[in-house]
Structure formats: C-alpha cells, structure tokens
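Novice: This is the structure I have questions about; it appears just below.
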C-alpha cells in the first residue's frame, strides 16, 4: 500500500502524466465481517464459511479459494443461500495456517478481492 | 497472463476507461440536448452551422461511448473468465455487463442516426436513446449495489449524471458555437440560452449531491476521515471553480445584453477551461465509483487530530537512508545467504512483480520515500521560483524547464529502489509491476516535455500548439493524480497520504489552466494568469516539502 507514496513522487509535480495509472485497490465492495475472522482461529473439523459485504454481490461470478498449510489450493463451493450481501461455504480443516482468498463481483460491476488468513487449532 | 496481474490491470484500466466513458456519455447526451434545445431552435439567429457541428460532435461522442463501453464490458468479462472460470456467455450475464450491452446498443443507434441524418435526426428517438443510455449508466453506479434506500439513490444517480451531461457535457458544443457565430446577436443568443441550460444542470447536480452527502457520507468527520469523503470534497472544490468560471460567463452575457462584446473572448477562454476542469471532475467521479461510500467504513477513520499531527510542518529530510537497509534489499540479502548456505542454484526473489502481493516495507523505506518527496519538493519549488522570476523579467530564469530534467533523472534513480539501476530486479522484468511501468513512463514523459517547454521558452517555435503542451500535461497530470489518490480503502496511513494528494492535484490542475489562460488570453487577464500559475506550482513544491508518511 505504501508504494503509492512513491507513485505520488512521480506524479505530484503535476506534469508529464497522460494516464491515471494506479494499482487500484479494488476496494469497492468491502468485507464487513467473516467467519473465520481475519487473523482469527477456528477449530479443526467441518466448519462453515460466512462472508458479509457492504453491497449486493453476484454469487455466480464470485469465487473463494482456500490455501491449505501445504500451500495447495482448493476452490470452495459458494452456496446459493442467504441475503444478497453474503457468501456462504463450508470446509473441512486440519490444524495449521490457512488463508481464504475471496474475489467478488459487486452488482454495479466492480471486482474486489482480499485475503482472510486464519489458524486452525486441534479440538 | 498471471491472474493476479490481470486483476491489477483491470483495477486501474477500468478507472481510466470509466473516466473516458463518462466524458463520452456526457458529451453525447449534452450534445443532443444542445442540438435540440439551443442549436436547432435558434438556427435563425445563429445560422445552421452550429447545429451541423453539434450533431457531428454528438455523433462522434456516441461512437466513442460505444468503444469505451465495449472496452469496459470486455475487460470485466475477460477478468471473470480468467479468474472464475466462466464462459463468455456467463460473464456477459452479469447485471453490469447487461447494462453495458444496452448502452452499447443505444449508443450505436444514436451514433448512426446522428451520422446519417445530422441535424435532421428525429428528435424523439434520439432523446429516448439518450434516456436509455442514462438509465443503463445508472445501473452501474454505487446505487445499483446498495442494500438500503436504493430507489432514492438510483434517482439521485440518474439526476447527477443528467446534470453533468447538460452542463459539462454541453460545454464543448458551447465553445464550438461561440467560435462559429461572429456577431453580437449570435453570441448573446448562444450565451443566454446555454446559461439557462447550465443553471438547470447545476440544480440537478446540487440536489443529487445533497442526497449523496446524506446517504453516502452522513457525518462531517467522514469528509476528511474516509477516501470517499476526501474525493467528494475535491469534486466540490472543482465544482466551485466551475461555478466561478460559469459566473464569469454569466457576467459576459449580461455585458452583451448591454451592447458590449468586449467580454466575448474571455467567455470563450473560460469555457475552454471549464471543459478541462469538468473532465477532471469526470475522472474523479470514475475514481469515486471504485471506493465504498463513507457510511460503510465505520472503523479506522482518520481523526482530525491525526490530520493536524501528520501535517504539522517539520524540517524536510535531506539525507537518504542506505539502500541496503531497505526492506526488500535486506530480505533479498537474507534469501541469498540462505540459498548460499543450502548450496541452492538460485535464491528466491524477495518480491515478484505482478504476483498480486505488495512488497514488504520498513522504517527505512518510509524515510527513503520521504527523502524522495522532499527533494522533489526542492525541484518543484525551484521551478516555481524561477518561473516567477522569469515572469518578473529575469531573462536567464527562462531556463527553468531544465530543472525538470534533473527531477526526471532523480526519479529514475530513486523511485523504485528494488529495480535497476539501484536494485537487483532487471529493467524489463520490473516492468511487469504496473507501478514501476508507470514510473518509467512518467520519467520518459517528463524528459520529453521538459525539453519541449525549454525549446518554447528559448523562442523560435512559432506554431500555436507548442506552448499548450506544458499547461495541458500539467492539468492532465493533476487530474490523473486525483483519479488515483485513493488506492487504498480503510487504512489510516494510506488515507493520510491521500490527504496530501488532493491539494497537490488541485493546485496542479489550477496551475495548468492558469497557464492556459495566460497563453490564450490577452491584456490584464493574461498578466494575472501569468503570475498565478507559478504561485500554484510553488504551492505544489511546498506541500511536497512537508510530505510525511509517518
């Protein structure tokens, strides 16, 4: 994120810019709450995944990817349930460090993504 | 192509394309309204040429709208196909893509009608198609994805775009009309009618902006505490500039009524600047659509105390930290040492451009960045001072564009320490990082236009376009800075940095257009503008000198 400051350096002279180039944060849809929480912990075994956003989400055109402790990845099924602003799924977990990368399409056409790192502890 | 890189590319390309889309959309609708409300009904007073030109402009704008919208849909569909494994048909089934396709269809027919029939294009179908474009555009605004108060927000979004189209979208046709007619009766007719149209447009904008403030911003602290609020404030600042110029034109029309046409050249120049500032607002608006409304950000807002604390003047940082203590070089050295210990063929890279992850960063990186900004501030302040001296008659100070060359070299060396020539990353390899690519591009442009303006200052270039390069690039640069000024959503430090971006951008825009006014006008107005633009430049330099990241 702080790299924008160096971008500022180049741009700030108000010169020589033809394109408003930027590493866009794709921050349009924001994650309001999640289970598991960002940086939180979960119990080993079957677990529900729940993500809630600030805007209506196109579920069919969104994706959840789980990264397991061994760095292998798995696309999580998005369940067709809940209100328009939530994504639900389920996973089976063993102890270790995990991460869920989410990418959502808001109904107004903005694609946003983010990560939810979390730790799974033995029961 | 790497999927993460693709999403990054989509993120910033979509803002650029969206800005172009708003410009084209507003010129299409504004042009059509100008044609049917002003040019055709007043043809007996102003002649047929104004309508002919307006119809052609609207036709081209509609065609540009089709191209921009097609690019938007194609970008979005390609990202969805690559990242969510959708078929083309499924990707095009998204609500926003469907709205885009409707816009493309309506724009195509609109363009064809105006090209084929010109001023004889049927009024009702053209206006209905313009309405379809507006409704479809409304379906890709924040309002379309809201969970609450959606009806009133959709109505406000519609009204906002309509107002922008009537006023700002109509200004290019207005400028063209002022240049086409050559007598007081014609100027008065065009000026008075467009003045009333503009007032209607302003009313639409004010009413809808009030609704946005109530529903999207909600609290005064969100104005400086969130990216949405800061960008909205920047739009308001430019809106006020436009109103001031519009008031100048209103006064010119009043003078025309009293029999004097001395203010007509000023009216033309002001209208030209209105186009520039108006389009800057459009790019800011495009950027605004990519951040969440303030009301959704309930944590990590910047407080007034933090704003004051961060911007309290401190002595600029004139000494740089060593390159090897920066986070990436330090991490790379560690990885190299580990690889050597394990007798590996090659070490991992500390940072892989385009992999979708932001590089690590430590206190030395912050110091490095502040040092860069402060020295850039020295360069820019020097440019402003020399330009002022030159304005005051000091002949040798006309070489001030050469200072830009020094700045460009400085930026080339310092802006990306992880990249060649300072870092380990190869030149071509690093261009996969969008930001590095952008930096290199800007350095190249800086060199080119510094040489260009220097040549202009030395004299001997008698063409009329050469002196316009500098003000145009300065103003476009300011607008560009505004569009990217909120690359991060809800991180306090990032927003505090953004709070510095906004005045920089506004001063750059003001400086560029003041210089434009100096070139394009005569007499007192030109002289005043000639003193103003270096002062604005100086302000940019001083803000940079006080820039801090911690």
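Only the coordinates and a few stated rules stand behind these numbers; no lab work does. As the structure is a computational prediction, the values presented were derived from the model and not from experiment. Here the Cβ positions follow ideal geometry from the backbone for every residue, glycine too, while neighbour counts run over all protein chains shown.
Novice: Let me test this: with uniform point scatterers at the alpha carbons of the range B:152-226, what is the Debye-based log₁₀ I(q)/I(0) at q = 0.16 1/Å?
Specialist: With one equal scatterer per Cα and no solvent, log10 I(q)/I(0) is -0.66.
Novice: Need the full-extension length gain, residue B:444 to residue B:233, defined as separation in residues times 0.36 nm minus the C-alpha distance. One decimal, nm.
Specialist: Working: separation 211, 0.36 × 211 = 75.96 nm, distance 3.20 nm.
Residue separation times 0.36 nm, minus the Cα-Cα distance, leaves 72.8 nm.
Novice: Quick check on the exposure proxy: order A:102, B:513 from fewest to most C-beta atoms within 10 angstrom. Don't skip to the end; give the middle numbers.
Specialist: Numbers: A:102 24, B:513 31.
Final ranking by Cβ density, sparse to dense: A:102, B:513.
Novice: Which of the peptides B:176-188, B:47-59, B:437-449, B:419-431 is most tightly packed, and how do the rest follow, going by the mean number of other Cβ atoms within 10 Å of each residue? Provide the component values of the computation, followed by the final result.
Specialist: On the way: B:176-188: 17.8, B:47-59: 21.6, B:437-449: 19.8, B:419-431: 15.6.
Taking the mean over residues of other Cβ atoms within 10 Å, the ranking is B:47-59, B:437-449, B:176-188, B:419-431.
Novice: Is there a simple number for the mean count of other chain Cβ atoms within 10 Å of the Cβ of residues in B:139-152, and what is it? The partial results should precede the final answer.
Specialist: Details: counts 3, 5, 2, 5, 1, 6, 16, 6, 7, 0, 0, 1, 0, 0.
Average neighbour count from other chains, rounded to a whole number: 4.
Novice: As I understand it, the value is the acute angle between the Cα axis of helix B:492-520 and the longest principal axis of the Cα atoms of chain B; what does it come to in degrees, rounded to 10?
Specialist: Computed tilt is about 50 degrees.
Novice: By counting other Cβ atoms within 10 Å of each Cβ, how are B:235, B:103, B:45 ranked from fewest to most? Could you put the intermediate results ahead of the total?
Specialist: Details: B:235 21, B:103 27, B:45 15.
By the 10 Å Cβ count, ascending, the order reads B:45, B:235, B:103.
Novice: List the pair-distance distribution P(r) of the protein assembly as shown, using every Cα-Cα distance, as the percent of pairs falling in each 20 Å bin from 0 up to the bin containing the longest distance, rounded to whole percents.
Specialist: Reading the bins upward from 0: 17, 49, 29, 5, 0.
Novice: For the peptides B:107-116, B:535-544, what is the packing order when you average, over each peptide's residues, the other Cβ atoms within 10 Å and list the highest mean first?
Specialist: On the way: B:107-116: 20.0, B:535-544: 22.0.
Packing proxy ranking, top to bottom: B:535-544, B:107-116.
Novice: Return the FRET efficiency for the residue pair residue B:184, residue B:455: r is the Cβ-Cβ distance, R0 is 45 Å, and the value is rounded to the nearest 0.05.
Specialist: Details: r = 40 Å, r/R0 = 0.89.
Using R0 = 45 Å, I get an efficiency of 0.65.
Novice: May I ask for the angle, rounded to the nearest 10°, between helix B:264-288 and the longest principal axis of chain B, with both axes built from Cα atoms and the value confined to 0 to 90°?
Specialist: Long axis of B:264-288 versus the principal axis of chain B: about 50 degrees.
Novice: Moving on. Okay, helix-only estimate at 222 nm for the protein assembly as shown: each DSSP H run of n ≥ 4 adds -39500 (n - 2.57), divide by all residues, round to 500 deg cm²/dmol; what do you get? Show your work: numbers first, answer last.
Specialist: On the way: 22 runs with 403 residues, N = 673.
Using -39500 (n - 2.57) per qualifying helix, the result is -20500 deg cm²/dmol.
Novice: Just to be sure I follow: if Rg is taken over the C-alpha atoms of chain B and Rh is the Kirkwood radius over the same atoms, what is Rg/Rh?
Specialist: Details: Rg = 25.2 Å, Rh = 25.5 Å.
Rounded to two decimals, Rg/Rh equals 0.99.
Novice: Averaged over its residues, how many other protein chain Cβ atoms are within 10 Å of peptide A:58-67's Cβ atoms? Mind showing how you got there, number by number?
Specialist: Working: counts 8, 0, 6, 14, 3, 5, 0, 1, 0, 0.
If you average over the peptide's residues, the count of other-chain Cβ atoms is 4.
Novice: Then there is this: Rg and Dmax in Å for the range B:398-464, alpha carbons only: what are they?
Specialist: Cα-based Rg and Dmax for the range B:398-464 come out at 14.7, 46 Å.
Novice: Another one. With N set to the number of residues, divide the alpha-carbon radius of gyration of the range B:68-161 by 2.2 N^0.38 Å and report two decimals. Walk me through the numbers before you get to the answer.
Specialist: Working: Rg = 15.5 Å, N = 94, 2.2 N^0.38 = 12.4 Å.
So the Cα radius of gyration is 1.25 times the expected 2.2 N^0.38 Å.
Novice: Whole Å is fine, so just give me how far the alpha carbon centre of the range B:99-143 lies from that of the range B:49-67.
Specialist: 12
Novice: OK, next. For the range B:151-188 and the range A:56-123, what is the centre-to-centre distance using only Cα atoms, to the nearest Å?
Specialist: Here the answer is 46 Å between Cα centres.
Novice: Efficiency by 1/(1 + (r/R0)^6): what FRET value for residue B:221 and residue A:99, r their Cβ-Cβ distance, R0 = 45 Å, to the nearest 0.05?
Specialist: On the way: r = 33 Å, r/R0 = 0.74.
After rounding to 0.05, the efficiency reads 0.85.
Novice: So, one more: Note down, for the range A:51-123, the three equivalent ellipsoid semi-axes (square root of 5 times each alpha carbon gyration tensor eigenvalue), biggest first, whole angstrom. Intermediate values should be presented prior to the final figure.
Specialist: Values: eigenvalues 117, 30, 20 Å².
They are 24, 12, 10 Å, listed from largest to smallest.
Novice: Which distance in nm do the two modelled labels at residue B:396 and residue A:65 give, with both placed 7 Å along the Cα-to-Cβ direction?
Specialist: 6.0
Novice: Quick one: if the Förster radius is 56 Å, what FRET efficiency do residue B:300 and residue B:88 give, using the C-beta to C-beta distance and rounding to 0.05? Walk me through the numbers on the way to the answer.
Specialist: Details: r = 39 Å, r/R0 = 0.70.
According to the calculation, E is roughly 0.90.
Novice: Between the helical axis of B:150-167 and the dominant principal axis of chain B, each derived from Cα atoms, what acute angle in degrees is found, rounded to the nearest 10?
Specialist: The two axes meet at around 70 degrees.
Novice: Students often check this: by mean Cβ neighbours within 10 Å, which of B:205-218, B:149-162 ranks highest, and how do the rest follow?
Specialist: Values: B:205-218: 17.6, B:149-162: 19.1.
Peptide ranking by packing, descending: B:149-162, B:205-218.
Novice: Still on this model: How well do other chains shield peptide A:107-119, expressed as the mean number of their Cβ atoms within 10 Å of each residue Cβ? Before the final figure, lay out each step's value.
Specialist: Details: counts 9, 15, 17, 13, 12, 5, 6, 1, 2, 0, 0, 0, 0.
If you average over the peptide's residues, the count of other-chain Cβ atoms is 6.
Novice: With 10 angstrom as the radius, rank B:268, B:468 by how many other C-beta atoms surround their C-beta, starting from the fewest. Before the final figure, lay out the partial values.
Specialist: Values: B:268 18, B:468 15.
Going from sparsest to densest Cβ surroundings: B:468, B:268.
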